[in-house]
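One structure is given here, and the rest of the page talks about it.
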Amino acid sequence: MALLIRRAGKNTEGINTMDSTYHRFTELFQQLGLASDTRSIQEFLARHSPLHPSIRLENAPFWSEAQSSLLRDEILLDADWAEIVDQLNTALRGSEGK
């Protein structure tokens, strides 16, 4: 899936710029140890959607402890992957919304 995220940053003068770092959905799935081809991602989303609004993404029952920890850390630290993790959260909410 070719979802691209560009991370905002600051140059040496403190002026906001767009960092050249990109993250794709496929790369997040690789980080999670999941199949990362387009079909596998679509099947994963179909199988696990919609995620009930009362369940936090990182607490969903289909994650391993390590996957849950990775997602939690990326969100809490507002890390490099936070935006793409948020997109995964939105995709898993399906028609029920956030």
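The simple spin-label model puts a point 7 Å past each Cα toward its Cβ; for GLU65 and ARG47 those points are separated by 2.2 nm. Basic side chains Lys and Arg get +1 at the Cβ, acidic Asp and Glu get -1 at the Cβ, and with that the dipole of the stretch 25-96 about its Cα centre reaches some 340 debye.
Across the options ASN89, ALA46, ALA60, the greatest Cα extent toward the positive end of the charge dipole of the stretch 25-96 (unit charges at beta carbon of Lys, Arg, Asp, Glu) belongs to ALA46.
None of the figures in this text is laboratory data; all of them are computed from the coordinates on show. Quick caveat, the model's predicted, so the values are computed rather than measured. Cβ: placed from backbone, ideal geometry, glycine included. Neighbour counts: every protein chain shown.
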